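Just so you know, all these numbers are worked out from the coordinates, no wet-lab data involved. Since this is a predicted model, take the numbers as computed values, not measurements. Ideal geometry is used to build each Cβ from the backbone, glycine not excepted, and the neighbour counts take in all protein chains shown.
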Amino acid sequence: MPRVRFAPSPTGQLHLGNIKAAVINWLFARHHGGDFMLRIDDTDGGRSETAYEEDILRDLKWLGLRWDRFARQSERTERYAAAVEALKGQGRLYACYETQEELERKRGLQRAAGRPPVYDRAGLRLTDEQRAALEAEGRRPHWRFLLTQERVVWDDLVRGRQEVDAASLSDPVLIREDGRPLYTLSSTVDDGEFGITHVIRGEDHVANTAAQIQIFETLGHEAPAFGHFALLVDTDGAPLSKRAGSLTVAALREAGIEPVAIVSLLARLGTSKPVELFRSNGAAAEAFDLSAFGRAAARFDMAELQRLSAQFVHGLEPDEAARRLGDHRPAVLAIWEAVRGNLNSFDDFQGWIDRVEEAIVPTIEEPDYCADAAGLLPEGELDETSWKTWTDVLKAETGREGKALFLPLRLALTGREHGPEMQKLLPLIGRDRAVRRLRGETA
């Protein structure tokens, strides 16, 4: 049974770029009957905030991505300390004392000489006396993992066979000068100890994989299967992260985007399959296919997400709409049937209820025409035939056609230039209110 994880850092709000990993992992787990784990990577005490963690939990619940297991890295520091001791005991961690400026100077010299900027393992050559002298200067070591300089091979679930010559890599830093573990260590320890079987993440993590595979093996864990999907870009091909502020889950929720539309889009964006709306996350999971994801950049188009969201809203049955609104009156159900095909978001529904049932200030652009129209409105209770009957009479009486015939009436009755079919709205507004609005009265 597969077990996957989503491991956000509580240093900001979730946006489409990183929620894609949550969606893909959740769908993969549910498709295969596996477990989905939420792990909060909060070891960066200087940037992690409880408020952001609360936002992450709220956003995932709103998206319908419930987790089966939960952990915080800040509560597992003893496990990372144990791993550090195990790596030191095997001679695979060594202390280094260079400052960032010194490391950058080394890299600059290597580039100038036409060599790759790979760490020269100077820390390995330090004597005990040299280490003591450096620490006497006030320097504190960072610790690097000693890579075995061999080829690391894995069959990537998205990118296919991958080979990395570890000799071309710098030994990764696993422990900061302040003693805190870096992602490469803590994530590997967690994935191994929690039994994560598949690590599915963005392609920006490919560079970490070869080193992590060696760390898994050194700590005695079987390395999981890896899959690295393409990152999202906008329609111009620019990284989506540059627009993250406007594309946070919170911002999309505030804009009235339906959560299942987000899941539906991310389930297919970047695959060989057409984007389509799934009316539930379960349906999206059933149809999910990780092998359909390709290496080409996945282009996000806000208009496509809005289209899916509106499509979901249009398909809501009246009782579903009434339940969401918390108003089951027959009049509300009738308004829903009249307006749902014109809604951009469900939030717009209440606005049309108010526009039909509450007093509005009519927009009167042609007072004489509207007053004449009020006098020709059919007597008695209006129904869906009344609009055509009425406008046929007005056309015959005034010679008006098209926009000149219909727009002044729509403006007077709804205050809007566009909207649902007037043949459906007119009987809901009612004859008395319609007459008052046509006469310019607030009604």
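Sort 120-126, 135-141 by packing, meaning the average of other beta carbons within 10 Å per residue, with the highest value first.
Going from most to least packed, we get 120-126, 135-141.
Please work out the Cα center distance from region 413-429 to region 164-221, rounded to the nearest Å.
61 Å
What percent do you get for the relative contact order of region 135-282 when only Cα pairs under 8 Å and 6+ apart count?
18 percent
May I ask you to list the lysines whose Cα is less than 29 Å away from that of Lys395, ignoring any residue fewer than eight positions away on the same chain?
Cross-link targets: Lys403, Lys424.
Tell me, how many Å apart are the Cα centres for region 62-92 and for region 107-146?
28 Å
How high is the relative contact order of region 112-190, in percent, counting Cα pairs under 8 Å that sit 6 or more residues apart?
Relative contact order, region 112-190: 30 percent.
Treating only the Cα positions of region 280-361 as identical point scatterers, give the base-10 log of I(q)/I(0) from the Debye formula at each q in 0.15, 0.16, 0.26, 0.27 Å⁻¹.
So the normalised log intensities are -0.67, -0.73, -1.27, -1.31.
Based only on the alpha carbon positions, what is the Kirkwood hydrodynamic radius of region 318-357, in angstrom?
9.9 Å
Can you give the FRET efficiency for Gln110 and Trp62, using 1/(1 + (r/R0)^6), R0 = 41 Å, r = Cβ-Cβ distance, to the nearest 0.05?
In this case the efficiency is close to 0.30.
Divide by every residue of the chain the summed helix terms, -39500 (n - 2.57) for each DSSP H run of at least 4, and state the resulting mean residue ellipticity at 222 nm, rounded to the nearest 500 deg cm²/dmol.
Calculated at 222 nm, the ellipticity per residue is -14000 deg cm²/dmol.
At q = 0.13 Å⁻¹, work out log10 I(q)/I(0) for region 105-181 with the Debye formula, treating every Cα as an identical point scatterer and leaving solvent out; two decimals please.
Taken in order of the listed q values, log10 I(q)/I(0) reads -0.59.
In percent, what relative contact order does region 252-357 have, based on Cα pairs under 8 Å that are 6 or more apart in sequence?
Dividing the mean separation by the residue count of region 252-357 yields 27 percent.
What would the Debye formula give as log10 I(q)/I(0) at q = 0.09, 0.11, 0.13 Å⁻¹ for the alpha-carbon point model of region 292-428, no solvent?
Ignoring solvent entirely, the Cα scatterers give -0.37, -0.51, -0.66.
Note the per residue figure in Å³ for the convex hull of the C-alpha positions in the chain.
195 Å³
Report the one residue of Ala267, Leu240, Asn281 whose Cα lies farthest in the direction of the positive end of the charge dipole of region 240-314 (charges on C-beta: Lys and Arg +1, Asp and Glu -1; origin at the Cα centre).
Leu240
Can you find, among Ala112, Ile56, Ile40, the residue sitting farthest towards the positive end of the charge dipole of region 35-122, where Lys and Arg contribute +1 and Asp and Glu -1 at Cβ?
Of the options given, the answer is Ala112.
When Rg is the radius of gyration of the Cα atoms in region 367-438 and Rh is its Kirkwood radius, what does Rg/Rh come to?
Ratio value, two decimals: 0.90.
Taking Lys106 as the anchor, which lysines have their alpha carbon closer than 29 Å to its alpha carbon, excluding any fewer than eight residues away along the same chain?
Lys88
If you wrap a convex hull around the Cα atoms of region 240-314, how much volume per residue is inside, in Å³?
About 90 Å³ per residue, rounded to a whole number.
Please report the antiparallel percentage of DSSP beta bridges with both residues in the chain, rounded to the nearest 5.
Taking every DSSP beta bridge with both residues in the chain, the antiparallel ones total about 50 percent.
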